[in-house]
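So the structure is just underneath, and the comments pick up after that.
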Amino acid sequence: MADISFDIVIIGSGPGGYVTAIRAAQLGFKTAMVERDYLGGICLNWGCIPTKALLRSADVFHMMTHAKDYGLSAKDIAYDAGAVVKRSRGVSKRLSDGVAFLMKKNKVQVIWGEAAIDAPGKITVKASKSEAPKGALGAGSYQAKHIIVATGARPRVLPGIEPDKKLVWTYFEAMVPDKMPKSLLVIGSGAIGVEFASFYRTLGSDVTIVEVLPQILPVEDTEIATFARKQFEKQGIKIMTGAKVTKLDRKADSVTATIDDGKGGTQQLTVERVISAVGVTGNIENLGLEKLGVKTDRGTIVIDGMCRTNVPGIYAIGDVAGPPMLAHKAEHEGVICVEAIKGLHPHAMDKNLIPGCTYCNPQVASVGLTEAAAKAKGIEIRVGRFPFAGNGKAIALGEDQGLIKVIFDKKTGALIGAHMVGAEVTELIQGYVIAMNLETTEEELMHTIFPHPTLSEMMKEAVLDAYGRVLNM
Ligand SMILES: Cc1cc2nc3c(=O)[nH]c(=O)nc-3n(C[C@H](O)[C@H](O)[C@H](O)COP(=O)(O)OP(=O)(O)OC[C@H]3O[C@@H](n4cnc5c(N)ncnc54)[C@H](O)[C@@H]3O)c2cc1C
């Protein structure tokens, strides 16, 4: 049994854990990172990355089936589901191997196994069944001046609609389907649900989404979510909002869902497969947190602006430290956490500046306040909009369906929210994130030169629209 001391030990190797480990090593800390399953965590292995690889295959398939729109012809268009999944798994493997390389390069020691905290400064690692990367330390007791919990999250399970891996999937099974279902029910219309709905619909499944809240993509601006909904419905996705799946009857190769339609009626829907995408909950169990008195709240660890828990020497970052449960939030929290430990006085995370992206077709991206949230805060606002139909590049791409919307504080001219739906908006949103981070005003945005022809020109047009100066509409 090993008994080794480190300055910092991070539990979990997701985007939160591994980025934290690299930054800690850069700051001169003797660092180790414990992982029990896959280097790179959910994000690289079962989340952000493999879904984007699947969606890329769906996009290429979509383009091929629309070849005629571009003056091209493509015959015998088909897909091989096994090959699509294989590509996605290969992309994940490549990135997971990349994490092993980065740990080596930065002299971060990987410890392979399941960690629990015995006391501040002390952890025990139990052996894991999965294969350890070369050079990793194994089970044993380890000392660390600072312990950072980055254990991520897992699918939330709702009573009555428990996943069973065969007929009722979580994102794990949905990413490696045993077959392409002819019909699919997606419960929940957050980013994960909508991305899978988009993927399966593009490849031909008959898809129904049931969402308990009044709008799909519940965290997004209502106008943008409504726009996206119309596009999904045009593609043939059936959507029920304000509705609830109350029961699932499982047969040999199908499931019948009972749906409370929220209007006093119930409906039955029989599908081949169901995806439960009703959110995630933090991995806070079996870490010794209760024994140590670490405060938790509804399945996540409570932290302050520097990622400290209420117990000195124990920190938490990423999904396990609460929403928004996004990879870039996890990474940034990790950097704040170790820089604070080093005494560098980093800024605490401003959650209002965390962008959110959904990679469905059309894509959705946003940062800052929605129109409703700004109004609820009593802020007097100016709103600008620009449709993709007014942009030369969008039309040239054959992507004229989309909308960019910006929200300014009328009094100060500060950009307080930006919301987008349409092609490549997940790449565009960062322009507004930088602008908001630099506390940019409308004046500066209107004086910024955007290259032509690009989709980004719409970002300027939306700003001009907010001030009655739109050019191309
Ligand atoms: C289908 C899907 C798609 C997603 N798409 C996006 C996206 O496009 N963009 C985005 O920003 N986010 C996306 N997310 C969310 C993103 O994956 C998470 O926010 C991110 O992975 C959180 O990172 P993390 O480091 O906190 O935890 P994780 O990535 O969950 O990593 C935690 C790691 O800790 C390990 N672990 C847990 N307990 C222990 C223990 N006791 N001992 C040792 N190891 C342990 C786990 O095995 C895991 O590897 C998606 C999620 C899903 C499920």
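The values are calculated or read from the model by the stated rules, or taken from the named source; none is laboratory data. What you see is a predicted model; the values in this text were computed from it and never measured. These accessible areas exclude ligands, DNA and RNA; they are computed on the full protein's heavy atoms, side chains included. Shrake-Rupley method; radii C 1.70, N 1.55, O 1.52, S 1.80 Å.
Span-like helix criteria (full DSSP H runs; alpha carbon extent of at least 27 Å along the helix axis; mean Kyte-Doolittle hydropathy of at least -1.0) are satisfied in the chain by 81-105.
If you take the square roots of the eigenvalues of the alpha-carbon gyration tensor of the chain and sort them as a ≥ b ≥ c, do you get rounded (a/c under 1.5), prolate (a/b over b/c) or oblate?
oblate
Compute the relative contact order of the chain as a whole-number percentage, counting only Cα pairs closer than 8 Å that sit 6 or more residues apart in sequence.
Relative CO of the chain lands at 14 percent.
Pair-distance distribution P(r) for the stretch 133-199, from all Cα-Cα distances in 5 Å bins starting at 0: 3, 10, 20, 18, 11, 7, 9, 12, 8, 2, 0 percent. When H345, H419, H328 are compared by accessible area of protein heavy atoms, the largest-first order is H345, H328, H419, using a 1.4 Å probe.
The distance separating the Cα centre of the stretch 63-84 from that of the stretch 8-45 comes to 40 Å. Residue order by solvent-accessible surface for R154, R298 is R298, R154, largest first, with ligands and nucleic acids left out and a 1.4 Å probe. Heavy atoms of the protein chains alone define the surface here; on that basis the chain has 46 Å² accessible area per residue at 1.4 Å probe size. Computed from the C-alpha gyration tensor, the three semi-axes of the ellipsoid equivalent to the stretch 335-389 are 31, 19, 9 Å, from longest to shortest. Normalised radius of gyration (Cα atoms, divided by 2.2 N^0.38 Å) for the stretch 164-266: 1.05.
Mind pulling up the Rg/Rh value for the stretch 26-162? Radius of gyration and Kirkwood radius, both on Cα. A ratio of 1.14.
Distance between the C-alpha centres of the stretch 166-206 and the stretch 264-295: 17 Å, rounded to the whole angstrom.
How many percent of the alpha carbon pairs in the stretch 6-55 exceed a separation of 17 Å? Tail of the P(r) past 17 Å holds 38 percent of the pairs. Centroid-to-centroid, using Cα positions, the stretch 381-449 and the stretch 227-249 are 28 Å apart.
The candidates T170, T226, arranged from most to least accessible area with a 1.4 Å probe in the full protein assembly, appear as T226, T170. As an equivalent ellipsoid, the stretch 376-473 spans semi-axes of 22, 13, 13 angstrom, where each value is the square root of five times an eigenvalue of the C-alpha gyration tensor, largest first.
To the nearest 10, the accessible area of W46 is 40 Å² with a 1.4 Å probe. When shorter helices are ignored and each DSSP H run of at least 4 residues is given -39500 (n - 2.57), the per-residue value for the chain at 222 nm works out to -9500 deg cm²/dmol.
Please work out, to two decimal places, the log10 of the ratio I(q)/I(0) at q = 0.14, 0.17, 0.19 Å⁻¹ from a Debye calculation in which every Cα of the stretch 83-138 carries one identical scatterer. Once normalised to I(0) and log-transformed, intensities are -0.53, -0.71, -0.81. Heavy-atom accessible area for L397, with the other protein chains in place and a 1.4 Å probe, reaches approximately 70 Å². Rounded to whole Å, the principal axis extents of the Cα atoms in the stretch 371-424 read 40, 17, 13, largest first. Dividing the C-alpha radius of gyration of the stretch 310-464 by 2.2 N^0.38 Å, with N its residue count, gives 1.17. By a 1.4 Å probe calculation restricted to protein chains, M473 has an accessible surface near 130 Å², given to the nearest 10.
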